[in-house]
1. Through the Karplus equation 6.51 cos²θ - 1.76 cosθ + 1.60, θ set to phi - 60°, convert the phi angles of segment B:115-125 into ³J(HN,Hα) values in whole Hz; use x for Gly and Pro.
2. What distance in nm separates the simple spin-label points at A:V105 and B:S52, each placed 7 Å from Cα in the Cβ direction?
3. Sticking with the crude label model, points 7 Å out along Cα→Cβ, report the distance from B:A162 to B:E280 in nm, one decimal please.
4. Taking the solvent-accessible surface of protein heavy atoms with a 1.4 Å probe, what is the per residue accessible area of chain B in Å²?
5. With point charges of +1 on the Cβ of Lys and Arg and -1 on the Cβ of Asp and Glu, referenced to the Cα centre of chain B, which listed residue (B:G25, B:M75, B:G328) lies farthest in the positive direction of the dipole?
6. Taking all protein chains as present, what is the carbon and sulfur share of the accessible area of segment B:107-162, in % to the nearest whole number, probe 1.4 Å?
7. Between rounded, prolate and oblate, where does the protein assembly as shown land on the alpha carbon gyration tensor, with a ≥ b ≥ c its root eigenvalues, rounded for a/c under 1.5, else prolate if a/b exceeds b/c?
8. If you take the C-alpha gyration tensor of segment A:57-268, multiply each eigenvalue by 5 and take the square root, what semi-axes do you get, largest first, in whole Å?
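The values are calculated or read from the model by the stated rules, or taken from the named source; none is laboratory data. Note that the structure is predicted; figures quoted are calculated from it, not measured. Reconstructed Cβ throughout: ideal geometry from the backbone, glycine too, with neighbour counts over all protein chains shown. In case anyone asks, the SASA skips ligands and DNA or RNA and just uses the protein heavy atoms, side chains included. Shrake-Rupley method; radii C 1.70, N 1.55, O 1.52, S 1.80 Å.
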Amino acid sequence: MATPRRSSVNPVTGRIPWILVLPALIGLVFLALPMVGLLVRTPWSTLGERLAAPGVLEALRLSLITATCATAACLVFGVPLAWLLARVAFPGRRLVRALVTVPLVLPPVVGGVALLLVLGRRGLVGQWLDQVFGFSLPFTTAGVVVAEAFVAMPFLVISVEGALRAADLRYEEAAATLGASRWTVFRRVTLPLVAPGITAGAVLCWARALGEFGATITFAGNFPGQTQTMPLAVYLALESDPEAAIVLSLVLLVVSVVVLASLRDRWVNSP
Amino acid sequence: MTLQAHLVVERPRFLLDIELKVDQGEVVALLGPNGAGKTTALRALAGLTPLSRGRIDLDGESLHDKGPERRPIGMVFQDYLLFPHLSALDNVAFGPRCQGLGKEQARRTAMGWLAQMGLAEYAHAKPRSLSGGQAQRVALARALAVNPRLLLLDEPLSALDAHTRVEIRAQLRHRLAGFAGTCVLVTHDPLEAMVLADRLVVIEGGGIVQQGSPAEVAGNPRTDYVARLVGLNLYQGSADGQAVTLDPSGIVLRVTEHHRGPVFVAFPPSAVALYRERPEGTPRNLWQGRISHIERHGDQVRVSLDGPVRVGADVTPVAVAELGLTPGQQVWVSVKATETHAYPA
């Protein structure tokens, strides 16, 4: 009996349908072209001196420091929050989980406004902070960290909660039968088991904090050396010195690519 | 150290309710089919599954109101659950560390256990690079390293391949014999239970159906499950001297023992003979049955028969060919009275 002739492209599913391939290619070009544009228009000859300009390094330094501090804060508060959501059945857990994801979908500018209303000098908590400790967060470097952490923390919490849910609970049971208290189980078994998830979450969180614009400019303002991070500097430079904006953008692009490369195995190449 | 426990775990559509008493140095095997509740019982002893009712006393000290981390237990899990991020050494040292030993001291203790298991050279290996037999021994070392008074083993050999299992079973038997505390193990493998345990507790449907020494249980099965495990035909009936009327078929079996009232009758499949024609001069223990299926069983052939009495018969492959046995066929079945065993129900 003769076997039916099959296309050599894919013996299982047959010919690739162009109705899918065409939009796919358009999508690819749409995503890649802006990067190409950035590279093409970069003033390569004057790149060195432009990078050395005082404002650039200052903004980059501020961005790296605030994004790292925000990520650290997210780890300290976000990992326990993720653990609580994943492991402890408490009333209103679904509501709490929904609240955690709100900053993910909230326009960052709105987040900035909300932060001002709470932590501003006349805000609900800010008023009290000002009276008791004599300090206020808005328009300070600490304010930048707060704004970035607010926007970036959901990324960490969701990633770590997912890892915790996927982890095999029986390892924790085994640890308990060996005499480990809940804190020891968390420290010596749970954390190492979900370490890849925490790393991935922290990198995503850091990248989001690094690119934060809306909440930062609303809550912390745009003071060079104090609250002017890279994205703010790019936006400002675009008005006065477009070439400077391109150089700053290139720096951010390089940082993003490095982040992407570090996640390559876990996210991009995963089936 | 004596364990006395009354374990009640209520679940939707499942109730575990068993009473256990295990003496110091005794190894008890909970034996039963899947879903019988034997692992639930073990988890309840460990404190991993909360009791609905009942109590657990070890030497008069009550354990049931303590969390697993405060019970003097060591547990070996079915697939060992060695911590994948720790070396074999640190897996074994985990328990001693939790008991307050310093890092170095805990590692020395762990090294001692690994050496006893013949695994000193694998101390720094990660669990994924260990063979099944090695992982099993590391898991046992980890459970013993906390100096438990109650050792719990959940299907300790089921994750091993057949060849390794025989070897590890012998080692495990040796270790358990040397263990001073109380030991409860769970298995669905009768051979494993009989080799490892001093006493079998058979659990079916959340309750104990039979218990006793391996020889007692094997020789006097009280449920179909146990009879099948030990490869016996088992019937209930009522005895009048050496004649037993089987329920519900009404067929009368001649046996060697004298009894009166409800009894079990057990006999091995090798005691059953099959004939195409009604045999001459053996009027007793004879009836007609229909072959339901035929399968190979070691170097014998196991013939299963329906009819008034369901029975399994072991015959040689030659006999199958000579008699021309096929499923669906009607044959005469006879059982030698001298190979039957009747005991009170």
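1. 4, 4, 8, x, 10, 3, 6, 9, 3, 9, 7
2. Distance between label points: 4.1 nm.
3. 4.5 nm
4. Working: 15330 Å² over 345 residues.
Accessible surface, normalised per residue, equals 44 Å².
5. The Cα lying farthest towards the positive end belongs to B:M75.
6. 48 percent
7. Here the protein assembly as shown falls in the prolate category.
8. Each semi-axis is the square root of five times an eigenvalue, giving 34, 22, 14 Å.
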